[in-house]
Amino acid sequence: MTSSRGPSSPHARADRLWESVESLLSVDEARERILAAVSPLPAVRVPLLEALGLVLARPVVAGHDVPPFTNSAMDGYAVRAEDTAGASYERPVTLSVVAEVAAGSRPAVAVGPGQAARIMTGAVLPEGADAVVRFEETDEWDAGPRLASAGQPAEIRIFRRVKTGENVRLAGEDIRAGQEVLPSGTVLRPACIGLLASLNLRWVTVHRRPRVAILATGNEVVDLGPELLPGQIRNSNNYTLAALVRQSGGEPILLGVVRDDPDEIRLRLRKVRGVDLILTSGGVSIGDYDLVKHVLQAEGRIDLWQVRIKPGKPMAFGWIGEVPLLGLPGNPVAAFVAFLQFGRPAILKMLGYRDWAPPIVRARLLAPCENRGQRRHFVRVLLERAGEEYVARPVGEQGSGILSSVALANGLAVIPEQWNEAPAGAVVDVQLLDASWVP
Ligand code: AMP
Ligand code: MG
């Protein structure tokens, strides 16, 4: 990397300036470099529900069988399958009812030849029984009480033959004691959480969430609160980025706004402790190059990159001490798009994810999209299902300062850098903004 070269004067001319940067990276190259700089974070134990969307740092091994005992899959009569041989509606088999087993209780007696036990779904299968006949296949509905009373043995007529094991759930048929249930690296989805609960695991060992510090730069940028004076704009980036960080599974830490003043930036960043990633916005375009470079070189290492991406060409990446720093462009849409292409994959990798590609569908563009300048163009679109395919309609103004049109979009259509334009009808990848990728 060329981090240490570059102009020292704050008024360096643009031509000298870009000599010193590693310019013209593709989106994929830039992402690879950033990903190479981060690793999955250390393991922590968290309460089961907090582990949703996080990644197992150790395999989970079952401490017992699931289900823990053999039980009935239906409401009906537990029988010995051989006793039902030949049973039909015309020639029912009559068995005597010796017990009733409800879920949660233990059968008091065994089922012997010629006998049956009335049983509920989830109840322990009595000793001796090996199948269950459903109520629907007995005369349960049109006869009286089923249990012996006042010396009267209760009987049940069985209308259908059952095979051994029919309507029975065997102990351990889902999970066997000692079995590796979920390997390390598993993303914990809701079903995994339930599976861990079925094994009585109240704490889970996962890669911890990255803490992500977020800092805005710009003399004109004002945080929420005071009224804007002429020439000032509101700091929206920190909030967009914090929301994106949270949606990506990180813990955002808002550092507010600093002026375009190297000392102020330096002081603010020096105070940052215990974070895994720093995101800044603004101050990385040509006019600001010296500012960012001086500050960050004094504190660590920094590279300025021009990435072939639209919106959002200028970007910085480096280190403040041990902490990686991703310098995003100031324009709100550029910061949004660049975060999704570079920041989110870094966070997912820190979380232990092995797949950080955004969810994508192929869709047909309903309007042409221009694309000059050999950059990968991310076009905000509304994606809809139309019969057998998806169609994507560009929404609103596409300027890199127009956040309102991003707010209306549910996808980013990806126009490849090799295309000079994407005509209406072209089929392109669309990154989904709404899909819950969420950790
Ligand atoms: P810069 O990258 O610093 O040249 O900023 C590019 C544009 O983004 C300028 O119009 C800035 O006013 C605007 N901008 C920079 N930071 C923010 C922010 N935190 N929130 C909203 N807009 C910003
Ligand atoms: Mg600025």
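The values are calculated or read from the model by the stated rules, or taken from the named source; none is laboratory data. Note that the structure is predicted; figures quoted are calculated from it, not measured. Because the Cβ atoms are built from the backbone with ideal geometry, glycine has one as well, and the counts that use them run over all protein chains shown. To get the accessible areas, we keep the full protein, side chains included, count just its heavy atoms, and leave off ligands, DNA and RNA. Shrake-Rupley method; radii C 1.70, N 1.55, O 1.52, S 1.80 Å.
Numbers below:
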| item | result |
| --- | --- |
| Cut-off 14 Å, label 7 Å out along Cα→Cβ of SER184, residues of segment 321-361 by amide N | 352-353 |
| Net charge of Cβ neighbours under 13 Å - reference THR205; Lys, Arg +1; Asp, Glu -1 | +3 |
| Amide N proximity, segment 213-252 versus LEU432 label position 7 Å along Cα-to-Cβ, cut-off under 16 Å | 248 |
| Value at 222 nm in deg cm²/dmol, rounded to 500, when DSSP H runs of n ≥ 4 in the chain each add -39,500 (n - 2.57) | -5000 deg cm²/dmol |
| Summed residue charge, Cβ within 12 Å of GLU389's Cβ, Lys/Arg positive, Asp/Glu negative | +1 |
| Distance from segment 43-68 to segment 109-140 (C-alpha centre basis), Å | 36 |
| Hull volume in cubic angstrom per residue (convex hull over the Cα atoms of segment 360-432) | 74 |
| Local electrostatic count, LEU255, Cβ distance below 9 Å [Lys/Arg +1, Asp/Glu -1] | +2 |
| FRET efficiency, ARG58 to ARG91 (Cβ-Cβ, R0 51 Å, nearest 0.05) | 0.30 |
| Rounded accessible area of LYS163 (nearest 10 Å², 1.4 Å probe) | 140 |
| Over the chain - Rg/Rh using Cα atoms and the Kirkwood inverse-distance radius | 1.22 |
